[in-house]
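To start, the structure itself, in structure tokens.
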Amino acid sequence: MRYIKNTLSFETERRSAVTLGKFDGLHRGHMLLVDRVLELGKQEGLETVVFTFAVPPSSQVAHEPAHQLLTNEERRLRLENQGMDMLVECPFDEAVMHMEPEAFIREILVEKLHASCVVVGTDFRFGYQRRGDAEMLKTLGASYGFRTEVIQKAQENGREISSTWIKEELRKGRMETVEHLLGYPYTVREEIVHGRALGRTIGIPTINQVPVKEKLLPPYGVYVSKVRVRGQEFYGMTNIGVKPTVRENFTGVETYLFDCGMNLYGEIAEVSLLHFQRREKKFPSVEALQEHLKLDEAEARAFLEKNR
């Protein structure tokens, strides 16, 4: 997959099927658009393209924190695995921010992406002050030589599936619901870094990861997890938080892998959070923590035995 980021210097190699949006999470609703573009690519021999932004536009316009379900790298890998030909992460700079909708259609969709078909959701907006919409794409597309397909939003129990809804559930630690809405388990993908190795001294060796600040994490606590590293899968339990009992200078993701004794420092691990067990808490001693972790492990193994 061609990966274009932080530049407006790009061009497709042939006519394309394009979908546009923020695509935070690549949830089940987003995948209706992605799957349709991939289908058009096969049927009509078109280059398949996802066009999005390097940062969420709201973080630039409203100066809101960019708390994302997927990092850009996680999104890139998911789209590559789906078989997309090209991902464009456009810089949301002053020029793009103030681009009129018709200029966006002409300069981006027509001149750079050579669009044959544009696939969007019903609520898609674009251009300066969000003046452009799906109806404008349909109308102007007829003049510029592309057609527009508008896909209805995916729903669950009468509510539209959205990144906002998924973030609500994530902040409550409802990992099974998050997985259902996303279509895959919520995952943290980061390099394994060195900690203090305290876990080894109490018989519970762990791997440590520090997510980028943009990555939205669920509540601090202990989770049942599945980990993919070095092409292998392991199950375990993961603590999200600050390790209050040992007062380590660490805020991030710490995972105890069941039945794995490999040295994994420097490897990239994908930690999928399957089930919330309990909130993070401070224990009166390391020994008390050790005893409770044994209970956590037994509970996690029982959950996996029942649900695998």
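The values are calculated or read from the model by the stated rules, or taken from the named source; none is laboratory data. In this text, all values refer to a predicted model and were calculated from it rather than measured experimentally. So basically every Cβ, Gly included, is an ideal-geometry build from the backbone, and we count neighbours across all protein chains shown.
Could you grab the pairs with beta carbons closer than 8 Å, sequence gap of 6+ or different chains, first residue in region 153-167 and free of Cβ contacts under 8 Å to residues at least 12 places away in the same chain, second one assigned to a loop (DSSP other than H, G, I, E, B) and hydrophobic (A, V, I, L, M, F, W, C)? So the pair list comes out as Q155/I161. Considering only region 113-133, I want to know if a residue exists there that is part of a helix (DSSP H, G or I), more than 30 Å from E13 (Cβ to Cβ) and in the same structural domain as G25 (by TED's automatic domain parsing). Within region 113-133, one or more residues are part of a helix (DSSP H, G or I), more than 30 Å from E13 (Cβ to Cβ) and in the same structural domain as G25 (by TED's automatic domain parsing).
Within region 1-49, if we keep just the residues that are hydroxyl-bearing (S, T, Y) and at pLDDT 95 or above, the residue that is surrounded by the fewest Cβ atoms within 10 Å (Cβ to Cβ) turns out to be Y3.
Pairing residues of region 80-108 that are free of Cβ contacts under 8 Å to residues at least 40 places away in the same chain with residues that are buried (at least 18 other Cβ atoms within 10 Å of the Cβ) and part of a strand (DSSP E or B), at Cβ distances under 8 Å and at least 6 apart in sequence or on separate chains, gives F92/F53; P101/F126; P101/G132; E102/G132; F104/F126; F104/G132; I105/G132. Filtered by the rule that a residue be in contact with an Asp or Glu (Cβ under 8 Å, 6 or more places away or on another chain) and either at pLDDT 90 or above or of a type in the set (S, T, N, Q) (or both), region 236-251 gives M237, T238, N239, I240, G241.
So, of the residues in region 208-225 that are more than 20 Å from E168 (Cβ to Cβ), at pLDDT 95 or above and among the hydrophobic types (A, V, I, L, M, F, W, C), which turns out to be surrounded by the fewest Cβ atoms within 10 Å (Cβ to Cβ)? Residue satisfying both the conditions and the ranking: V224.
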